[in-house]
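Below: one structure, written as structure tokens.
Please treat every number below as a calculation from the coordinates, not as lab data. Here the structure is a predicted model, which is why all the values come from computation and not from measurement. Every residue, glycine as well, gets a Cβ built from its backbone with ideal geometry; the counts of neighbours run over all protein chains shown.
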Amino acid sequence: MGPGKARPPSKKSRPAGKSSLQKLARNAVLTLGLLGTAVLGGAEARTVKIISADTLELRQVDGQELVVISGANVELRVDDDVVKAKRVEYNRTRRTLTLVGAASYRSAKDGQDLSGENLVVELGDEQVTGQDVLISDADLEIRGQEVERIPGQLRATGGYFTTCARCGRTPNDYAFRAERLIVYPGDRLVAYRAQLLLADVPVLFLPVIVIPLNDPERQPRLLIGQDSVDGYTVEADLPFSIGGSTLGTTLLRYYQKRSPSVGAGVALRSYAPLPFVDRLNLYTLADPKPLNADGKSGYDIDINFGVTGRVPLSLAVRDLDYRLNVTRQDIGLSETDPNKGVTRVDFGAKVEYPLFSSEFSYLNRFGPEPTDGIYSPYRKAEVVLDPKPYTNGTFSADTRLTAGSYSAQSNPLSPSATAQGKNIATTRLEEQHALAYTAQPWTNADLALGNTFTGRYYGTGARTVDLNVSAQLTQRFNTTNTVTFGVGYLRREGTSPFSFDAVNGRLLSAPLTLNLSTVPVKDVSFGVLLQRDLFLAPDLQAPALFSVNVNRLPLSLSAQLGYQPFTKELETFSYNATVGDSGSGTLTPVDAQPAREATEYGPAVPARPAYLRRSSAWPAPDLTLSASGSYSRINGYSPFTLRATVTGATRADSISAYATHDIQLPQIDEVGATINASVGRDAVLNPITFSASETLYPPTGRVVGNASLTWRARYRLSTAHDLLLNRPVDPNPAPGSSPNSGNVSFSVGTVNGSANDWQLTYGGPYDLVRGGFTRPAATGSLSVTRPGQRLALSATVNTPGLDQFRTELAQAQLDANIQFGSRAALSGNVQYYRNRSGLYPDDIATDYLSLSPLRVSLGIGRKGEAPGAYVTASLRQTFIWLDGVPQNPTPLSPVIGLTIDRCCWAIQAEADLGLRRYRLSVGLPGQTQYPLFDLTPDGAKVPLLNPSTP
């Protein structure tokens, strides 16, 4: 019903049809917008949706239009806010919602829930008032006899608030009662004439209380310290807010032994504080300097100011974007630092119009002039004009103009620039363009023309030019044969006075190219590339390149040859050939072809019967041969490699052998073989795979290899060796020496990557001359992982060998993390290892045992509830024995801790028995632990009374 069609007043209101209203409520489409125009005259209207309701009544009382919504569970959405009640009266004239009886209002923006009696919601200014209201969010619960909520602020009289409500305990551990409360959501709570309640018992009266509600980094911070240089020091950070868009912190500093002794600053960030400003950041601090030798000081100043925003322009494609940054950093820099006292200003703006875009950049430096060369410009005023690319058919042109004044490091290759000092200041005009044109002058021909140019002209009279002109004509004779003619002209010259835009050497080139690519017969391609530079001497020309590729079974060949026609020398040659066809043993049927009569387009074709065809005539489908090598005029021949591979019934089974021959020496450098095999029976339930590789280096007599047998992809038996077959023998070895030929090892265990792993390995240095292990060792490891549990054990035992005569434990490690239910846990890392010094049998053992650390924790509390206290004990210590005698024996020195967690507060106690140090600290929600006292052998320290406590 529209606003101009209100029903006349009646003594008895008539409820609408209940079934139709329930249907509208279920679909969430009935809105208060159907009942009138926007609820805000000059401001943006708030959208109200009925989510759930039973009846809807329209009334007129004393000239005011009322809409009464009722039901067992009435739910409305006011924008993103949620209203729940049993009866809601909407006054269209006053633009208010009255929630009759017990009701709730959830603010999506602040994350607050308001519950109370007879709440009144002002739709115009988003204000909420009520009596006996309960307000709660994630961290705080507030009760008030009378509550008024307006955007950005909440006020209550006769208030009660606590952070312990979410803990579910009655009474609350602590709370406050105040005559008046003001809450600034997301920033702070201010209570006037408040009482501190412990277990709801008043214990202390406070005229005013301020509780921060913002992020920890924006909460008040007070740091008191003392040292021999500055005496007592105080650092205070006090947050504040301006409106709903600006958050800041006041910075205060005090140093007892500095003059001046007080410093101040501010740090703030603001979102859309002014028209055309999107964001503003400011950090500034004037910090007193330390006293110098004359007893005088001053201020070090840090500034970081930044602004970003947009300015709408009538004809622009998008708004003008701008940025401004002002920075200065003095704090922490020495007086001799070249950046001391330097303020930098960086401004930029960019705008785009339909035909062009433009940029302006301004960079400046205020303060001492630099004494060293600065590569990037430190002063700049630059304008860029970039027209949109122009296209006409296949022709395109793109240009860009840049003009500006710069100060930067002098180019050491420019005598006139270096004569002015390490840095030079001058103007520069830069013009860039790129032109391109394509055409098809005749059938199967493509013509491409291009030109790029960058020219820079300086106020000193210098200039640099980078010019590239190219033309390319490609003729296609069919889909596989092409010839391309190319011509180009490249010119790069000039010397810039600056280092940052200096050109990379002088270049003058006019290359002519001819590139032929053809397929003379099926599966064979041939290519020729000829190049000639009109400005280079004959002996400096690039060689002619000839390439051939054959891909016809059973042959695959790739070869390339580089020949210098002017010097008549072979420059390079490389090849890679493979012969093999795994499908040559398979016969493929070819369908019969009927006879075809002669036509004007071709002769008659006789009939052809069906037949079987092989892919090639290669006689050994399981054999593949390959060879590769290369030559260059400068480096000579590279090693020639020949490889043969035989595959089995499946691709996973293969044997490969290869040899590498050094043509220049000549000699065989390397010979090797690899084997991969798997069982052919029961491959699903009991798969077994075997792999091995062996490599021999004849010039050195070194042999390297490994082999492994894997069952079910879970268990593996393996061996590895790296031996020198012709080890030189010393007739008089030095005492204690252990000559060997290399290493040999054998291992059995699981394949890595599973939850439970174990491995046993035996091996070590092996001497082929004496025939045995010299210093063997047996190593075992076990790793077990379960949800919440982890255990890793490893140990190494030295066993007797040719040069080792004892069996002893050399190394052991335990790394565990075990939880016992939800209340106990054990974790730690324990390492033991032994070293020996001297000669057998008079060598001395040194043992090390390291706990790093060993930790036990236990939670204490009622069954079925979260633990209310935790006891922890940790031990971090290292023990050393020399020949069985303890070195610097010390008693066990654990650190024992107790944490009592009461959900809304916590207290921690720590006892370091080794250092005889005892600490006690307390923590509140959103705060770090604050130390109450620190007891050491030197005495007791209380932070508030003794600021030197760290």
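Structure values in brief
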{"item": "Label-point gap, in nm, between Arg77 and Ser245 - each point 7 angstrom along Cα→Cβ", "result": "2.8 nm"}
{"item": "Whole-Hz ³J(HN,Hα) from phi, Karplus 6.51 cos²θ - 1.76 cosθ + 1.60, for the stretch 156-163, glycine and proline x", "result": "9, 10, x, x, 9, 9, 7, 9"}
{"item": "Extension gain from Lys49 to Val528, taking 0.36 nm per residue of separation minus the Cα-Cα distance", "result": "164.8 nm"}
{"item": "Ellipticity estimate at 222 nm from DSSP helix runs (n ≥ 4, -39,500 (n - 2.57)) divided over the chain, nearest 500", "result": "-500 deg cm²/dmol"}
{"item": "For the stretch 540-614: rounded, prolate or oblate by the Cα gyration tensor [a/c cutoff 1.5]", "result": "oblate"}
{"item": "Fully extended contour minus Cα-Cα distance, from Ala792 to Thr394, at 0.36 nm per residue", "result": "136.3 nm"}
{"item": "Sites Leu809 and Ser852, calculated FRET efficiency, Cβ-Cβ separation with R0 22 Å, nearest 0.05", "result": "0.70"}
{"item": "Matching label, P(r) over Cα pairs in 10 Å bins from 0, in percent computed from the structure shown, candidates [x] 2, 6, 8, 10, 11, 13, 17, 16, 10, 5, 1, 0, 0; [y] 2, 9, 14, 18, 18, 14, 9, 6, 4, 3, 2, 0, 0; [z] 2, 11, 20, 24, 21, 13, 6, 1, 0, 0", "result": "[x]"}
{"item": "Highest to lowest packing among 783-789, 809-815, scored as the average C-beta count within 10 Å", "result": "809-815, 783-789"}
{"item": "Whole-Å distance, taken between Cα centres, linking the stretch 370-399 and the stretch 220-296", "result": "41 Å"}
{"item": "Förster radius 22 Å - calculated FRET efficiency between Trp758 and Val830 (Cβ-Cβ, nearest 0.05)", "result": "0.70"}
{"item": "5 angstrom amide H check on Thr495, placed H, neighbours 5+ away", "result": "Arg463"}
{"item": "Projected label distance in nm at Leu623 and Leu223, using a 7 Å step from Cα toward the beta-carbon", "result": "7.9 nm"}
{"item": "Alpha carbon convex hull of the stretch 410-535, projected area averaged over orientations, nm²", "result": "10.4 nm²"}
{"item": "Which of Phe933, Phe773, Phe395 has the fewest Cβ neighbours within 10 Å, and the rest in rising order", "result": "Phe395, Phe933, Phe773"}
{"item": "Paramagnetic reach from Asn504 in the stretch 522-542 [backbone N under 17 Å; point 7 Å along Cα→Cβ]", "result": "none"}
{"item": "Whether the stretch 293-415 is rounded, prolate or oblate, judged on the alpha carbon gyration tensor where a/c under 1.5 counts as rounded", "result": "oblate"}
{"item": "Cβ-Cβ FRET estimate between Arg94 and Thr157, R0 fixed at 30 Å, reported to 0.05", "result": "0.80"}
{"item": "Gln256 versus Glu235: modelled label distance in nm, points set 7 Å from Cα along the beta carbon direction", "result": "1.8 nm"}
{"item": "Amide H partners (placed H, <5 Å) of Leu512, local residues excluded", "result": "Arg532, Asp533, Leu534"}
{"item": "Under-5 Å amide H pairs with Val751, H placed in peptide plane, nonlocal only", "result": "Tyr715, Arg716"}
{"item": "Gain upon complete extension [Ala673, Arg552; 0.36 nm per residue less C-alpha separation]", "result": "40.8 nm"}
{"item": "Dipole in debye (nearest 20) - the stretch 731-819, about Cα centre, beta carbon charges: Lys, Arg +1; Asp, Glu -1", "result": "80 debye"}
{"item": "Within the stretch 75-118: backbone nitrogen closer than 14 Å to the Gln64 label point (7 Å, Cα to C-beta)", "result": "89-100"}
{"item": "In range of the label at Leu435: residues from the stretch 448-474 whose backbone nitrogen is under 19 Å from the point 7 Å along Cα→Cβ", "result": "448-456, 465-473"}
